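What follows is a single structure, written as structure tokens, with notes after it.
The values are calculated or read from the model by the stated rules, or taken from the named source; none is laboratory data. Since this is a predicted model, take the numbers as computed values, not measurements. When we count neighbours, we look across all protein chains shown, and the Cβ atoms used for this are built from the backbone with ideal geometry, even at glycine.
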Amino acid sequence: MFLNISIYSANLFSARILIKLTFLATNMKTWVLILLIALGIPGCSKDLNEPPLTLLPGAEPSAKSRNDLGIEHYQAGRYLDALLHFNQANFADPTSGETHFNLGLAYLQEGNKEKAIKNFRKARKLAKGNPGILKSSMVDKLLQKNQE
């Protein structure tokens with residue numbers, strides 16, 4: 001009887017330790033996630049504080065309406081929906097630097113850095129003097145890091 005009790009006690013003790021370790025591991029994962037979110041997860045840029053750009057007056061109406069819808073989705077955090085509308089705006093007017101800039105922002109949010117860079121370069125070429133594109137420090141940093 002004594003032997004059975006000690007084995008039972010040892011198993012119970014091991015089970016308690018296992019439960020405590022599981023609890024600590026779960027809490028540790030939670031704290032690590034909170035810490036990563038607070039500090040900014042590597043790869044997710046905190047420099048994306050630049051908003052999407054509206055099209056200039058006189059822009060093609062279909063491109064303007066699609067771009068405006070894309071901006072609404074982007075601001076709501078629905079980046080795939082924003083990409084859809086920015087692409088439709090780009091289809092309506094492929095000469096818009098603002099649309100390419102917005103595509104770059106949305107692609108960057110979605111983690112597609114290559115397409116973002118391609119669109120930011122195109123935006124710079126088509127900027128037509130827009131300072132939001134030409135003087136974007138975020139785009140400057142990204143393009144400097146990824147020189148061809």
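Within segment 72-86, restricting attention to residues that are aliphatic (A, V, I, L, M) and crowded, with 21+ Cβ neighbours inside 10 Å, which residue is farthest from residue 103 (Cα to Cα)? Here the residue is 82.
Scanning segment 94-126 for residues that are of a type in the set (Ser, Thr, Tyr) and either at pLDDT below 95 or under 19 Å from the mean Cα position of the chain (by Cα) (or both) yields a total of 2. Would it be correct to say that residue 63 is closer than 17 Å to residue 142 by Cβ, assigned to a helix (DSSP H, G or I) and either of a type outside the set (Val, Ile, Thr) or at pLDDT 95 or above (or both)? Judged against the criteria, residue 63 is not a match.
Among the residues of segment 105-114, is there at least one that is among the acidic types (Asp, Glu) and touching a Phe, Trp or Tyr at 6+ places or on another chain (Cβ under 6 Å)?
Filtering segment 105-114 for residues among the acidic types (Asp, Glu) gives 110, 114.
Now drop any that are not touching a Phe, Trp or Tyr at 6+ places or on another chain (Cβ under 6 Å), which leaves 110.
Checking segment 105-114: at least one residue is among the acidic types (Asp, Glu) and touching a Phe, Trp or Tyr at 6+ places or on another chain (Cβ under 6 Å).
Checking residue 129 against (1) loosely packed, with under 13 Cβ neighbours inside 10 Å; (2) modelled with pLDDT of 95 or more, which single condition isn't satisfied? Single failed check for residue 129: (2).
Among the residues of segment 133-148, the one identified as over 20 Å from the mean Cα position of the chain (by Cα) and in a helix (DSSP H, G or I) is 134.
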